[in-house]
1. Just checking: which of the helices (runs of 4 or more DSSP H) contained wholly in the stretch 16-99 hold 2 or more residues that are touching an Asp or Glu at 6+ places or on another chain (Cβ under 7 Å) and touching a residue at least 40 places away in the same chain (Cβ under 8 Å)?
2. If you go through the stretch 331-338 one residue at a time, do you hit one that is among the aromatic types (Phe, Trp, Tyr) and either at pLDDT below 95 or not in a helix (DSSP H, G or I) (or both)?
3. Take the residues in the stretch 432-472 that are modelled with pLDDT of 95 or more and among the hydroxyl-bearing types (Ser, Thr, Tyr), then tell me which one is nearest to residue 349 (Cα to Cα).
4. Which condition does residue 328 not pass, out of (1) in contact with a Lys or Arg (Cβ under 9 Å, 6 or more places away or on another chain); (2) outside any helix (DSSP H, G or I); (3) of a type in the set (Asp, Glu), if it passes all the others?
5. Would you call residue 322 surrounded by 24 or more Cβ atoms within 10 Å (Cβ to Cβ) and either part of a loop (DSSP other than H, G, I, E, B) or among the β-branched types (Val, Ile, Thr) (or both)?
6. Among the helices (runs of 4 or more DSSP H) lying completely within the stretch 197-308, list those that include at least 2 residues that are among the hydrophobic types (A, V, I, L, M, F, W, C).
Amino acid sequence: MNEPLSIHWFRQDLRLADNPALHRAAAAGRVLPVFVLDDVNAGVLRRGAASRWWLHHSLAALDRSLQGRLVLLRGDALDLVPALAAQVGAASVHWNRCYEPWRIARDTKIKEKLAAHGVAAVSSNGSLLWEPWDVRNAAGHPYQVFTPYFRKGCLGAGAPRLPLPRPECLALAAPPADALPLAALELLPRVRWDTHLEPHWEIGEDASTQRLAEFLAGGLRGYREGRDFPARPHTSRLSPALHCGELSPNQLWYGARATGEGADLDHFLSELAWREFSYALLYYHPSLPVANLQTSFDAFPWREDAELLRAWRRGLTGVPFVDAGLRELWQTGWMHNRVRMVTGSFLVKNLLQDWRHGEAWFRDCLVDADLAANSASWQWVAGCGADAAPYFRVFNPVLQGRRFDPDGAYTRRFVPELAALPDRWLFTPWEAPPKVLQAAGVELGRSYPQPVEDLAASRQRALAAYAESRRGG
């Protein structure tokens, strides 16, 4: 008699190592590995274009690890998963939990459907260090401020579970004949703009595991200070691997603890905890991607200006450090965290554009477009979220550039039309004498734009708008 058959439903856990749900499925008998592209239930919150590009290559790598046995489906998982379970006679379906509101609602219904047909639905935690409901304050309420969330809540909840190895015995079932080829998911863009992303990334569990090892060996030392400098090698660039689940946060947590020490280690672990905090916010505030957590911002007088928004998206604001970040995003599918804060502040405060425009652009262009972290971070920058930066804190992109890109290496890389400008004028080309501009081959308004807004005046306008909205509230 054949062993019982279990389905492992891959979602945001595209790996074999440290995959709790896969371990449970393997322990139950033969395993049919499945991935479902469900844009039906995702709706407007479906993956963005850059994230879909990454997903295509990550699925290809996973399929190779599974010896070509990965079953691909496309459509409404509410129908497809129970139907597949019935088709192959599965005794159980295993998955690692996801925390986006639309996934929670869908998965609850899938569990009900499976149970009605006598199929066990077994969910595990394979994506977070701590479940949102396990980290609460003394009164039993969710934390709204990050530092006590991490220091008291997370660390007080106990150590995260240790990472699991790859299953020793993984008996893979043959895929059904009607499984789709990867191309049928249509994850790659029809106009192949994605080719410029390829040189910047190695995708898949094996490549991400190697990247983690390299970072722990060379990038973690000096992380506390170096992480703020976009031209230095002290950011892990592992966020896309975490987003797709090629690595688990547990692997990063214990890998860092085994190799790091002191302030560098503490800051790296706190960055992992910020990701956890973002997921907790999304779990307890399902409207996080679209609604201000602080409702006093509902009356804020955002400006609707398509031209300003277009200039920001294209990296043509005339403010070099801002433009460098937005061009890095377009060229690589990623942006340094310090620069994300600067470009975000410029959009919502200097340009007075609604933070939701920035969230949507990042969600489409980032290979690590995580709904929880992206939404929470944009609300933080805008000043309307939990534990948010005060609205009166406006990042000055000139001072930020001079401080964190002191030799201009980052800015010159992504804004090459200013490469010949002396350091003194690199971040303020509009202040450079005509002879300096001419010698550097810069013609403002032609080879590089004039600033779309005066930094000092737009800062004062933002503060006035904030004060007015507070009075109106």
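The values are calculated or read from the model by the stated rules, or taken from the named source; none is laboratory data. This one's a predicted model, so the numbers in the text were calculated from it and none came from an experiment. Virtual Cβ from ideal backbone geometry, glycine too; neighbours counted across all protein chains shown.
1. 49-65
2. Yes, there is a match, as at least one residue in the stretch 331-338 is among the aromatic types (Phe, Trp, Tyr) and either at pLDDT below 95 or not in a helix (DSSP H, G or I) (or both).
3. My answer is 458.
4. (2)
5. yes
6. Here the list reads 205-214, 239-244, 249-259, 262-284.
Results for (1) in the same structural domain as residue 336 (by TED's automatic domain parsing); (2) surrounded by fewer than 22 Cβ atoms within 10 Å (Cβ to Cβ); (3) not in a loop (DSSP other than H, G, I, E, B), shown as yes or no for each residue.
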residue	(1), (2), (3)
362	yes, no, yes
367	yes, no, no
377	yes, no, yes
387	yes, yes, no
392	yes, yes, no
410	yes, no, yes
421	yes, no, no
466	yes, yes, yes
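Here's the yes/no breakdown for (1) buried (at least 22 other Cβ atoms within 10 Å of the Cβ); (2) farther than 19 Å from residue 187 by Cα:
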| position | (1), (2) |
| --- | --- |
| 12 | no, no |
| 22 | yes, yes |
| 26 | yes, yes |
| 29 | no, yes |
| 33 | yes, yes |
| 37 | yes, no |
| 48 | no, no |
| 60 | no, no |
| 67 | no, yes |
